[in-house]
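Bear in mind these aren't lab numbers, they're just calculated from the coordinates by the rules spelled out. Model, not experiment: these values are computed from the prediction. Heads up, the Cβs are rebuilt from the backbone with ideal geometry, glycines too, and the neighbour counts pull from every protein chain shown.
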Amino acid sequence: MPDYPRRRLPQEHLPLSVPVFQILLSLSDQDLHGYAIIQDIRARTESEVELTASTLYAAIKRLLEERLIVEVESRPGTEGDDPRRRYYRITPAGLEVARLEAARLERAVKMARQKKLTPRRA
Amino acid sequence: MTRLYRVALRLLPRQTRERHGDQMATVFEDQVRDTRRRRGRLATCRLLIRELAALLRFAWCDRRGTSTPARIDERQFSWTLQPEQTTPMVTSFAQDLRYAARLLRRSPGFALVGIATMALAIGANTAVFSVVNGVLLKALPFDDADRVVVLGHHTNGGDDLDSTTPGNLYDWMRGVTAFEAIAGFSSTERIVTHRGSAERIRGGLSVGSIFAVLGRSAADGRTLTAVDDEPGAEPVMVLSDRLARRLFGEGGSVGQALAVNGIPHTIVGVMPPDFAFLDYDYEYWIPARFDAAFRNNRDQFFLAGIARLAPGTTMAQATAQLDTVTDAIRREYPQFNQNVVAAVVPVKTVLLDGVETRFLVLMGAVTFVLLIACANLGNLLLARASTRRREMAVRHALGAGHGRLVRQMLAESLLLGLLGGIAGLILGVVMLQVMLALLPDDLPRLKGVEFDATVLFYTLSVSVLAGLLFGAFPALQLASSPPMPALRDGGRGSTRAGLVRKGLVSSEVALALMLLVGAGLLVRSFTHLLAVPPGFAADRLLTFTASVPTAVYGAPSERLSFFENAARQLEAVPGVRAVTMTTTLPVTGRGSGAWFNIVDRPLPPNETPPGVPNRFVRANYFQVMGIPLRKGRLFDDGDRPGGTRAVIISESVARRFFADIDPIGRRIFMGAPDNRVVAESTIVGVVADVKQTGLAEAESEAVYIPNVMTPGISSLTFALRTSIPPASVAPAVRDVMRRLDPGVPIVRLQSMDDILGRATWPARSSMVLLSLFAGIALALAVMGVFGVLSYTVNQQTTEIGIRMALGASRRNVTMLVLGQGLAPVIVGLAAGAAGAVALTRFMETLLFGVTPTDSLTFGSVVTLLAATAAAAAYIPTRRATNVDPVRALRQE
């Protein structure tokens, strides 16, 4: 068994990979199960980001280990839900990391704008 | 598809799989359902491939424990505007793959043939490898299983592992220090009574503690210890998980008691579900509890020893010590140990005795199939490559480096190999089910066969290797010939490529021939086996074994009258013509035996008499079984206690002991002089030989004794000759036996045909499987011959046109084309025949009634292959003779 990784400071996680950032975004305002996360990301990015189950869980595993998200037993009150599904909830640390990443991206976009690098509309 | 993904999940480390595996599978399931609905079936295949690739990466990272957390697989999917961050080498290879995928999509026919060929070969490999992996390769479920050995004797210089006596075993326990632990065991079948219902169940007798040797502990309670084996110890037992569950349900069996042969035994432990002792179907373990006198017994050879080598000792050291102790035993008890030496055999060898060859032959067969498939695809790619010489030349002219072009070729074949591998994996799951249905179910360790990470890894590597192998042919050709001239000569094939193509055809034919010969030999063996007369009339015989509990039927006369009564009542069942009984049925095994002593030819006191199997039978045994009398008479009513002490011997016994004189009237006894199994009796008859141990074995010696002479026998096998199909009598038989005494369990109710079927099953399954693979090989080889010849004819259209314009007849052209097409076939046949002669001798142990170089088999296989190859060559040849010279020349 390898040594448990030292807990990192929020800024040490940056920059986040695309799946991780997107997963945190999806969980920022609701608890979701695995497939719901994939659907949420697909809907928000208009199919630009499509996670596979393995990519998702590779990220989830790390996020759980880093305590950026936690597993919750089940979400009460949702009809037609499969009891086998596990739901994930973002932790305060996770929210903090997501915020820092958003700020980082914002700074980057701002710099691009200052250099007049605005995306061309097709 | 989800099932495949679940299997693939085994790639993940156990911990991760247990934590997330189910969730991943659920998500994948949803995704498949969703994708199919939104984008159709083809998209789900793409999803599977993408998913497997992602999983592979996840597994890789996770197993290595590397990669910065939260940053794995950044390149997993595309953010459309993400710039390429990869190195040029990787980029260009990715480009190669993409280009290859595009090419394959553009020629779907070629892709389909290629993928199907690979799938067939890889599927067969996957299926056979899963069985080989489960049966031969996986570690036994014991601690450090390589150090566990079985102890016994070799008798008369033979190789068989024979049992030993309690006396010898205890001497070994005391005298050999090379073992960390040593114990003995023997199979037993006892009547276990639980809540009033009695069953006869197989179990193991433990001398000392076999659990200490195996290094396994109980799942519940404890295992047996050496203390339990002391003569005065309380009767205790350990149950298998299966029996405990069946009798007591979940848990709670420890502390309960079961009556074993009428004596209550306390259950002290239950073993884990995966515990299997070698391959015995033992359902319980009880300590042997031999008394002091029996611990020194020297003439009952019925125990096997099992031991664990002490750390740091070798097999050789252990054997040497064992030999020293056994030499001392032999000096002290020469009469019993004169012909035996000590034997130490690794437990795995004992377990897999005879099975290994069967599987290695099958593994060889599928390897051949794979090689043939590779040769086929190599040919296909070569043909394609020469039609693409122009394209290559153009790309070269435009600046693509030589290496880049070769890499491009390899990318294509690698992609084909991988796609074939994925299809083969799916096909392999199906083939494995077929194989499992065909294999004998008493094959050792068959339960351990499954699709696991090892199998997946094997399939993956085989796919990649195969892809590289068949891709190597066109790639090498390209590398060795500068593409520039191709621009000039209009892209016609070179002679060199022609040679390679012919070489590939030859090797395909050679490999197919070797496989066909192997299959042919097994088919011939099997027909020989079926044709063996068993020595008795086997049809319409129903058999079963009944055992009376000795605690209830205490007096021998009670047992005898129970069996006799049962036989009489069974004779009254409609459809039953006659009923007989024996201690051991033909074909089912050697059964018990004892030393054979001829009264008027005593042996010197130091010499061990030869052992001969004996059968205690009802007087009408020979009439009912249909075993013919050769000399003397059969048993009659006078052969009972108070009358004549009569025995009947089989012809082979007569030949072995009474070659020079008439055996009738000779007097014999069986067993040790002071421990006689059969008292002094007169030989009254000689009957025909009956196969005792199996159809392929020569073993047919037997001494028959009327069962009334040994009334104490508590277990007898009934044989009912019926006038209707035996199975239809079975319910009535059960009824009769239950009415007589529900406390007497009956087991193995089956027809003699079932018994014979099982005896020939290993041979049948090997034959069917090898024939199947040989069939695939033949089909692939024929496709190869056809493909190459079609291609050659196409290339030669102009030449043929000129020849015909200059006056060549159809016959000339036919001979030319056929000659060209069949020359490599003939070379292949010769090479294959030579290879087969070299290889088939490894199959010798699987053959019966044929030699490894059986000329009939070789002859018919060569004819078959030559004929199919000629047939395959016919269509392109016809096309060649139909060439219209004018059109052919105009093409130029």
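Brief remarks follow.
- Taking max minus min of the alpha-carbon positions on each principal axis, region B:568-626 gives extents of 55, 24, 19 Å, largest first.
- Per-peptide packing, taken as the mean over residues of other Cβ atoms within 10 Å, places B:840-848, B:356-364 in the sequence B:356-364, B:840-848 from highest down.
- Computed about the Cα centre, the dipole magnitude for chain B is approximately 4580 debye when only Lys and Arg (+1) and Asp and Glu (-1) carry charge, each at its Cβ.
- Mean partner shielding of peptide A:59-66, defined as the number of other chain Cβ atoms within 10 Å of each residue Cβ, is 5.
- The equivalent ellipsoid of region B:541-753 has semi-axes of 30, 19, 15 Å, largest first, where each one is the square root of 5 times an eigenvalue of the Cα gyration tensor.
- Mean separation of Cα contacts under 8 Å (6+ apart) over length of region B:158-338, as relative contact order %: 34
- Cα gyration tensor shape for region B:746-878, rounded if a/c is under 1.5, else prolate or oblate: prolate
- Chain B - mean residue ellipticity at 222 nm from DSSP helices (-39,500 (n - 2.57) per run, n ≥ 4, rounded to 500): -17500 deg cm²/dmol
- Principal-axis tilt of helix B:41-64 within chain B, Cα atoms, nearest 10 degrees: 70
- Surface/4 of the Cα convex hull for region B:109-213, nm²: 14.0
- Distance histogram for region B:138-198 (every C-alpha pair counted, 10 angstrom bins, percent rounded to whole numbers): 16, 32, 30, 17, 5
- Ordering of B:781-790, B:274-283 by packing is B:781-790, B:274-283, highest average first (other Cβ atoms within 10 Å, averaged per residue).
- Volume per residue for chain B equals 234 cubic angstrom (convex hull of Cα atoms).
- Counting, for every residue in B:24-37, the Cβ atoms of other protein chains within 10 Å of its Cβ and taking the mean gives 5.
- Listed peptides A:44-51, B:751-758, B:33-40 by packing density, highest first (mean Cβ within 10 Å): B:751-758, A:44-51, B:33-40
- Rh by Kirkwood over Cα pairs, then Stokes-Einstein D for region B:663-808 at 1.306 mPa s and 10 °C, µm²/s: 69
- Other-chain or far-sequence residues with amide H under 5 Å of B:VAL677's (modelled H): B:MET670, B:GLY671, B:ALA672
- With the convex hull drawn over the C-alpha atoms of the protein assembly as shown, the volume per residue is 250 Å³.
- For chain B, the longest principal axis of the Cα atoms and the long axis of helix B:355-387 meet at an angle of about 10 degrees.
- Dipole of chain B, positive direction: furthest Cα of B:THR188, B:PRO556, B:GLY378, with charges on the beta-carbon: B:GLY378
- What the phi angles of region B:160-170 give under the Karplus curve with 6.51, -1.76 and 1.60, with θ = phi - 60°, is a coupling list of 5, 8, 9, 6, 10, 9, x, x, 5, 4, 5 Hz, glycine and proline written as x.
- Residue (of B:ALA831, B:GLN321, B:GLN300) at the positive-pole extreme of the protein assembly as shown, dipole from beta-carbon charges: B:ALA831
- This model, with +1 at the C-beta of Lys and Arg and -1 at the C-beta of Asp and Glu, gives the protein assembly as shown a dipole about its Cα centre of some 5360 debye.
- If you take the alpha carbon atoms of region B:158-338 and fit the smallest convex hull around them, that volume is 128 Å³ per residue.
- For region B:582-659, the square roots a ≥ b ≥ c of the C-alpha gyration tensor eigenvalues yield an a/c of 1.5 or more together with a/b exceeding b/c, which makes the shape prolate.
- Summarising the overall dimensions of region A:16-114 from its C-alpha atoms, the Rg and Dmax are 14.3, 51 angstrom.
- The magnitude of the dipole of region B:158-338, with charges of +1 and -1 set on the Cβ of Lys/Arg and Asp/Glu and taken from the Cα centre, is near 340 debye.
- Per the Debye formula on identical point scatterers at the alpha carbon atoms of region B:342-479, with no solvent, log10 I(q)/I(0) at q = 0.09 Å⁻¹ is -0.43.
- Working from Cα pairs under 8 Å separated by at least six residues, relative contact order for region A:16-114 is 32 percent.
- Proximal lysines relative to B:LYS138, as straight alpha-carbon distance under 24 Å, when same-chain residues fewer than 8 apart are discounted: B:LYS348, B:LYS447
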